[in-house]
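The values are calculated or read from the model by the stated rules, or taken from the named source; none is laboratory data. Nothing here was measured: the structure is a model prediction, and the numbers come from that model. Note: ideal-geometry Cβ built from the backbone for every residue, glycine included; neighbour counts use all protein chains shown.
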Amino acid sequence: MTVLDVSNLTKIYGEGCPDCLDLTGPEMGRNQCPECGSVVACADVDFEVFQGEVLGIVGESGSGKSSVAEMLSLDLEATGGSVDYHAIDGDLLETDYQQRRELQDFHVGMVHQHVRDGLNLDFSGGGNVAEKLLSAGWRDYGDIRDRVRELFEDTEVPTDRMDDATDTYSGGMQRRVQIAKAIANDPSLVVLDEPTTGLDVSVQARVLDMFREIQREQGLATIVVSHDLGVIRLLADRTLVMRQGRIVERGLTDRVMEDPHHEYTQTLINSVI
Amino acid sequence: MSDILTIDGLTKRFEMHVIDGREVAGLEDVTFDVRDGEFLAVVGESGSGKSSLLKCIHRTYEPTSGTVEYRKGEQTVDLATCDERTVLALRGAEIGYASQFLHEIPRVPAVDVVARPLREQGKSPETAREIARDLLETLQLPEELFEAYPATFSGGERQRVNLARAIAPRPRLLLLDEPTSALDPETREHALDLLESYLDSGTTVVGVFHNRDVVERIADRVVEMDDARVQRVLDGSAYREEVTA
């Protein structure tokens, strides 16, 4: 089943002009329009995500991959394109404020790269997750405590730290709380933006393994955005390679890694230390 | 006996943009069949195209031309051109592959690495781990390593984990790339015994082997490769006669 069908997704920062798309992209070697100065974060992005599948988006800084993630999690307004989303049987980009809130509460879980975008550090870890449950209509205190405890166990956050302020948590724990929050309402899509950035190497592996376990068990459709090829290789079934706002290559992850076709992908793969 | 794979005109060329755009031949016009339930050994010098062949069947390499027809009952799928969803579904359920190296998330215990594909098939964590332990035991991985991380293992220990993971889900078609190269002779024997028991239960194996003893012992047929091409396809008995002559 197709969960998400993205076509021609485009984000332009600035006024934009009729030449923006023709004058930017990997062939032009830039993402800033020389005519009007607008920055084309991404353009003509199209892909599908199926249920139970992990789609990786890989590319260097400024390739537009995070913009794509943020538009899909409704944290960023798109300039153009359409995103058919199965859960609402319609275009994600045509939704009004109320629908967007509903989507964010129930259907799309986002794990942000920067912890402050995803969690209120003054709240307790449990409070951050409870907030998500409350906005989805949960009211019974006992039920909420039980569900938060269950989510902490699933994401391997010590439950005896549930009531401690989130800023006392380690980076790895904060990332786990974000994942707990993202999956709290059984969403049909989870978006992970750089899931291991800023984490200790020893913690990275555990977070990836924990997420993969949950993803497979629940059959979650997932988009993982990362500049780290190792993360993409270990998590993603299929992969898109982005450069200067455009998709330059796509395919089965092992195929992209071992038989890269595009010049940029070959350079990327050959640059891994 | 029917054929599980019909490979016809399979060709793979790599365009190396990072080396002046030169083209490198991986496979040239490879044609042969794989029979249901057989053990087919692929032999040849390093660089002759053996691994490329396995990777093209698995779609880790995208063939440049030719077909790889995979047959199950009345259904036929061309693995060279079918959509990616079909490839992923087949890999999960029917086609297993063990590369020369173990790629896994670090800091996952060996037994869980082997249990994971079983869990993805819907087995309970307990059952999956039990099967995984049995396999690792049969492959003589010391028990104290079951809960340890494979990244710290020797080449041979890691290879046992890799092999156990590939065969655990009992695929219909098993692609093995030098699965026993780092094993000592005794462990290799155990690995081959295990593979033979899988063959008895209907698994078809296409395996790349350097070690002649392995090929002599277990192969029903042998594909000889050289210079990206198949030179000959021999019956196991003919191969054995030639080797002993």
query: When segment B:177-205 is examined, which residues are found to be farther than 28 Å from B:Gly47 by Cα, among the hydroxyl-bearing types (Ser, Thr, Tyr) and touching a Leu at 6+ places or on another chain (Cβ under 9 Å)?
result: B:Tyr198
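Could you pull out the residue among A:Arg175, A:Arg212 that is charged (D, E, K, R), within 16 Å of the chain's Cα centre (by Cα) and more than 14 Å from chain B (Cβ to nearest Cβ)? Full working, then the answer.
Numbers: A:Arg212 fails: more than 14 Å from chain B (Cβ to nearest Cβ).
Unique residue meeting the criteria: A:Arg175.
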query: Give me the pairs: first residue in segment A:221-234 and free of Cβ contacts under 8 Å to residues at least 60 places away in the same chain, second residue in a helix (DSSP H, G or I) and crowded, with 24+ Cβ neighbours inside 10 Å, beta-carbon distance under 8 Å, and six or more apart or on different chains, which are they?
result: none
query: If you check B:Val87, B:Val18, which single one turns out to be over 19 Å from B:Gly207 (Cβ atoms), at pLDDT 95 or above and not in a strand (DSSP E or B)?
result: B:Val87
- request: Go through segment A:170-204 and count every residue that is crowded, with 21+ Cβ neighbours inside 10 Å and touching a Gly at 6+ places or on another chain (Cβ under 6 Å).
  value: 6
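Can you tell which of B:Leu192, B:Leu141 is over 23 Å from A:Leu208 (Cβ atoms) and not in a loop (DSSP other than H, G, I, E, B)?
Values: B:Leu141 fails: not in a loop (DSSP other than H, G, I, E, B).
Going through B:Leu192, B:Leu141 in turn, just one is over 23 Å from A:Leu208 (Cβ atoms) and not in a loop (DSSP other than H, G, I, E, B): B:Leu192.
Condition first: within 14 Å of another protein chain (Cβ to nearest Cβ) and not in a helix (DSSP H, G or I). Now tell me which residues in segment B:149-163 satisfy that.
To start, the set of residues in segment B:149-163 that are within 14 Å of another protein chain (Cβ to nearest Cβ) comprises B:149-152.
Within segment B:149-163, just B:Tyr149 meets the criteria.
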query: Across segment B:91-142, what is the total count of residues that are within 20 Å of the chain's Cα centre (by Cα), more than 10 Å from chain A (Cβ to nearest Cβ) and of a type in the set (Gly, Ala, Ser)?
result: 6
message: Name the single residue that is farthest from the chain's Cα centre (by Cα) among those in segment A:224-273 being aliphatic (A, V, I, L, M) and facing chain B (nearest Cβ under 8 Å).
response: A:Leu252
message: Whether any residue in segment B:64-77 is out of contact with any Lys or Arg (no Cβ under 7 Å at 6 or more places or on another chain), within 22 Å of A:Glu53 (Cα to Cα), modelled with pLDDT of 95 or more and more than 14 Å from chain A (Cβ to nearest Cβ) is what I want to check.
response: yes
